[in-house]
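Read through the structure below, which is laid out as structure tokens, and then see the notes.
The values are calculated or read from the model by the stated rules, or taken from the named source; none is laboratory data. Note that the structure is a prediction, hence the values are computed from the model and not measured. Cβ placement follows ideal geometry from the backbone for every residue including glycine, while neighbour counts extend to all protein chains displayed.
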Amino acid sequence: MIRLSLFAALLLVACSSEPLTELGSGLPATPTASASASSSAATPSPYAMEPARFHQLMDSLSEPDANFFSDNYISNETSYLQVASGLERHVKPDGVYLGVGPEQNFTYIALTKPSRAYIIDIRRDNLVLQLLYKALFDMATDRAHFLALLTGRPYDTTKPLAQGARIEQVIERAERETATEASYRAVHDEVLARLGPLDDKDRRALARTHKAFFDKGLDIAFELKEESFRRYPPLKDLLAARCPVHGAAKGFLASEASFRFLQQMQRENRIVPVVGDFAGDRALPNIAEHLKAEKLKVATFYVSNVEQYLLVDGAWWKWRRNIGLLPTDDASLFIRAYLDQGKPHPKQMSGHRTTTTLHRMAEFQAHEARYPSMLALATDSVLD
């Protein structure tokens, strides 16, 4: 695994009503008749996987857990929709999506419509967070219900949210009822029942993670474990963010279509969480081999600002090796997040500390020299 400086990378980055089968034998089943009409009517994807295959991949692709000094429950990248318009123009559906970190991946998945998605993070806690989300997508009857479940709030499912509800209305409806210990425990118990038996470490991580959302609600924000003067945006602000190009809300809960697409992907076991180091010897090489065997190509790889620490850490050539192993083509894209630490990006937007950009993976692979800085990398051949 990469030395501790890589671990800081993520610090700064910012179907069925039946229970999921236990982690030792698989995850969610296909939708039953109790699923919502819009979701149950969706045509099954040819890329769907059986629960046992999902779990086998989650295990076989992963590396050992790594220590980390941030919970990183949510993103801190306020610029994440800066590339929304570009992704819609440049990415064709049915490629493979790779990403890192928590909920911002769902927005990029909804925008790019991949066949499969693999979320790679050095912390097993992020894998557990993704399993929590998986269960909640399966349980939710609508977008507001999803947020109510995430924060442990009661929700009246007999009064469904209007399909055309704006994101502000979704948030308002989700927060309408007060969360209590009893309501949180009822939701968490159902999550546990759907996931089945977990080992003690994962069970504690799941409880700690879900409790953080219950304690702080949609005001939860990225936090460093060490005391810091900097304050980060709450989840509700990130969810309500708008594309700077055309002003539309583009987060993953902003539209019914995006939510239902993600719900189907989750129920079909097409979003696979993986524990892995971008410059490690197992996760990305294993994913590359798996994708080649499945005859799938990477369309989009959201790398956040992890490369900043690969440059410093001396792991750059392993990272380049791993990218070279992945099946890609001339259209494959990186999504990068640049963090202003005194040198702003030329495309940095007013009021934002992060800048999000698109880059061709082929141009990265053709660049023989090591980049002198993250700024040089983040400004090289920016798409659009």
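I'd like to verify a number: residues in region 185-194 that are under 22 Å from the mean Cα position of the chain (by Cα) and more than 20 Å from residue 55 (Cβ to Cβ), how many? Give the steps one after another, and end with the answer.
Narrowing region 185-194 to residues under 22 Å from the mean Cα position of the chain (by Cα): 187-188, 191-192, 194.
Narrowing further to those that are more than 20 Å from residue 55 (Cβ to Cβ): 187-188.
The qualifying residues number 2.
With the checklist (1) of a type in the set (Gly, Ala, Ser); (2) surrounded by fewer than 18 Cβ atoms within 10 Å (Cβ to Cβ); (3) closer than 30 Å to residue 232 by Cα in hand, flag the one item residue 48 doesn't pass.
Just one mismatch for residue 48, condition (3).
Of all residues in region 269-296 being within 22 Å of residue 44 (Cβ to Cβ) and touching a Ser or Thr at 6+ places or on another chain (Cβ under 7 Å), which is surrounded by the fewest Cβ atoms within 10 Å (Cβ to Cβ)?
296
Is it true that some residue in region 37-58 is part of a loop (DSSP other than H, G, I, E, B) and within 24 Å of residue 242 (Cα to Cα)?
No, there is no match, as no residue in region 37-58 is part of a loop (DSSP other than H, G, I, E, B) and within 24 Å of residue 242 (Cα to Cα).
Condition check ((1) surrounded by fewer than 24 Cβ atoms within 10 Å (Cβ to Cβ); (2) touching a helix residue (DSSP H, G or I) at 6+ places or on another chain (Cβ under 6 Å)) across all residues:
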residue	(1), (2)
80	no, yes
87	yes, yes
91	yes, yes
98	no, no
129	no, yes
135	no, yes
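Pairs under 6 Å by beta carbon, first residue closer than 14 Å to residue 175 by Cα in region 152-163, partner surrounded by 13 or more Cβ atoms within 10 Å (Cβ to Cβ) and among the aliphatic types (A, V, I, L, M), six or more apart or different chains?
152/179; 152/187; 153/179; 155/148; 161/144
How many residues, within region 297-314, are small (Gly, Ala, Ser) and either surrounded by 23 or more Cβ atoms within 10 Å (Cβ to Cβ) or at pLDDT 95 or above (or both)?
Adding up the residues that qualify gives 2.
Could you list, in sequence order, all residues of region 247-268 that are surrounded by fewer than 24 Cβ atoms within 10 Å (Cβ to Cβ), part of a helix (DSSP H, G or I) and over 15 Å from the mean Cα position of the chain (by Cα)?
Once the filter is applied, which keeps residues that are surrounded by fewer than 24 Cβ atoms within 10 Å (Cβ to Cβ), part of a helix (DSSP H, G or I) and over 15 Å from the mean Cα position of the chain (by Cα), region 247-268 yields 256, 257, 260, 264.
Within region 67-97, which residues are in contact with a strand residue (DSSP E or B) (Cβ under 8 Å, 6 or more places away or on another chain) and within 21 Å of residue 283 (Cβ to Cβ)?
Selection gives 95, 96, 97.
Within the bounds of region 84-102, is there any residue that is in a strand (DSSP E or B), farther than 22 Å from residue 168 by Cβ and more than 13 Å from the chain's Cα centre (by Cα)?
Taking region 84-102 first, the residues in a strand (DSSP E or B) are 96-99.
After this cut, where a residue has to be farther than 22 Å from residue 168 by Cβ as well, the list is 96-99.
Still in the running and more than 13 Å from the chain's Cα centre (by Cα): 96.
Yes; the residues of region 84-102 include at least one that is in a strand (DSSP E or B), farther than 22 Å from residue 168 by Cβ and more than 13 Å from the chain's Cα centre (by Cα).
Quick grid of which residues meet (1) at pLDDT below 95; (2) aliphatic (A, V, I, L, M); (3) surrounded by fewer than 19 Cβ atoms within 10 Å (Cβ to Cβ):
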| residue | (1), (2), (3) |
| --- | --- |
| 142 | no, no, no |
| 167 | no, yes, no |
| 181 | no, no, yes |
| 192 | no, yes, yes |
| 197 | yes, no, yes |
| 207 | no, yes, yes |
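Inside region 195-215, can you point out the residues that are under 20 Å from the mean Cα position of the chain (by Cα) and charged (D, E, K, R)?
202, 208, 211
So, restricting to helices (runs of 4 or more DSSP H) that lie completely within region 142-246, which ones have at least 3 residues that are under 29 Å from residue 353 (Cβ atoms)?
Working: elements: 143-150, 167-174, 181-195, 200-216, 235-239.
Correct list: 143-150, 167-174, 200-216, 235-239.
Given the residues 167, 171, which is the only one that is over 29 Å from residue 52 (Cα atoms) and in contact with a strand residue (DSSP E or B) (Cβ under 6 Å, 6 or more places away or on another chain)? Spell out how you get there, then give the answer.
Values: 171 fails: in contact with a strand residue (DSSP E or B) (Cβ under 6 Å, 6 or more places away or on another chain).
Being over 29 Å from residue 52 (Cα atoms) and in contact with a strand residue (DSSP E or B) (Cβ under 6 Å, 6 or more places away or on another chain) holds for just one of 167, 171, which is 167.
Can you name the residue in region 109-127 that is hydrophobic (A, V, I, L, M, F, W, C) and under 12 Å from the mean Cα position of the chain (by Cα) and, of all such residues, is farthest from residue 331 (Cα to Cα)?
The extreme case among them is 127.
Does residue 251 fit the bill of being out of contact with any Pro (no Cβ under 7 Å at 6 or more places or on another chain), small (Gly, Ala, Ser) and within 22 Å of residue 338 (Cβ to Cβ)?
For residue 251, the condition - out of contact with any Pro (no Cβ under 7 Å at 6 or more places or on another chain), small (Gly, Ala, Ser) and within 22 Å of residue 338 (Cβ to Cβ) - is met.
On the given criteria, is residue 358 farther than 18 Å from residue 82 by Cβ and crowded, with 19+ Cβ neighbours inside 10 Å?
Against the criterion (farther than 18 Å from residue 82 by Cβ and crowded, with 19+ Cβ neighbours inside 10 Å), residue 358 does not qualify.
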